[in-house]
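K.L.:
Quick one: the structure is below, and I'll ask about it shortly.
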Amino acid sequence: MGTVTVVDHPLVQHKLSIMRDKETSTASFRRLLREISLLLGYEVTRNLELTTKTIETPLTKMEAPVLEGKKLVFASVLRAGNGLLEGLLDLVPAARVAHIGLYRDHDTLEAVEYFFKAPSDLADRLVIVVDPMLATANSAISAINMLKGRGATHLRFLCLLAAPEGVKRFTEAHPDVPVFTAAIDDHLNEKGYIVPGLGDAGDRMYGTK
Ligand code: PRP
Ligand code: URA
């Protein structure tokens, strides 16, 4: 079974509660998702490896810690992943970006692929896949399959809200991919929505519906 980290920081939980509220406006929802992504990003990057580099401060030389290895990749599952992506890029501006176009077929709840663009050297990089919602996990499992199929071996999955059913399916399908989330909710309803949840993340971000 893969590892699942619930980021229970009070600021994350407070912002998430505002996002869940159906009265929260599109503008506030987007701003909160960006703010929360900074806090989640702090956790998902917590154990990145460091090396040292010799620098000179105004006073002396020192061996200063810097990130080791190639620039990491944020892989955004469209559309709603872009809400997390923006904040994460504020945190790690030099990161590379992959875009994975997937939507859920409303009847079957299967993920349908419509776009994929990623750096070619995925095998050498840590890939952090971002999507606010892990419901049935069909989208997340497909996104990871696509990335692994293009060579990625070192992956993490970051979301805002997960359903227990989705966490189980995802960790069984990809036990090597750690999951980070702000909350694991109660259940999925018959239409595949997370309950209590926050509704359709893409619609709430972009004011569609
Ligand atoms: C939402 C969400 C995830 C997916 C999760 O996207 O952003 O990608 O549903 O559900 P699953 O775990 O059951 O696959 P949606 O398909 O609604 O597309 P959108 O972001 O373009 O609205
Ligand atoms: N996708 C969403 O945006 N919300 C859910 O509750 C489930 C899937």
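Only the coordinates and a few stated rules stand behind these numbers; no lab work does. Quantities reported herein were computed from a predicted structural model and do not represent experimental measurements. We place every Cβ from the backbone using ideal geometry, glycine too, and count neighbours over all the protein chains shown.
K.L.:
Number of Lys-Lys pairs in the chain under 19 Å by Cα, sequence gap 8 or more or different chains?
P.N.:
12
K.L.:
Follow-up. Using alpha carbon centroids, what distance separates region 130-209 and region 84-114, in Å?
P.N.:
11
K.L.:
Return one number: the angle in degrees, 0 to 90 and rounded to the nearest 10, between the long axis of the Cα atoms of helix 26-44 and the longest principal axis of the Cα atoms of the chain.
P.N.:
The answer is roughly 50 degrees.
K.L.:
With +1 on each Lys and Arg Cβ and -1 on each Asp and Glu Cβ, how big is the dipole of the chain about its Cα centre, in debye rounded to the nearest 20?
P.N.:
Roughly 480 debye, rounded to the nearest 20.
K.L.:
Right, something else. Where Rh denotes the Kirkwood radius from the mean inverse Cα pair distance, what is Rg over Rh for the chain?
P.N.:
1.00
K.L.:
With a 10 Å Cβ neighbour count serving as the proxy for reagent exposure, in which order, fewest first, do V66, V167, V77, V44 appear?
P.N.:
V66, V167, V44, V77
K.L.:
What list do you get for T45, T3 if you sort them by fewest beta carbons within 10 Å?
P.N.:
Taking fewest neighbouring Cβ atoms as first place, the list is T3, T45.
K.L.:
Now for a separate question. Place a +1 charge on the Cβ of each Lys and Arg in region 105-206 and a -1 charge on the Cβ of each Asp and Glu, then give the dipole magnitude about the Cα centre in debye, rounded to the nearest 20.
P.N.:
380
K.L.:
Got a sec? How would F180, F74, F116 order by Cβ neighbour count within 10 Å, fewest to most?
P.N.:
F116, F180, F74
K.L.:
Calculate how many DSSP beta bridges within the chain are antiparallel, expressed in % of all such bridges and rounded to the nearest 5.
P.N.:
Looking only at bridges with both residues in the chain, the antiparallel portion is about 40 percent.
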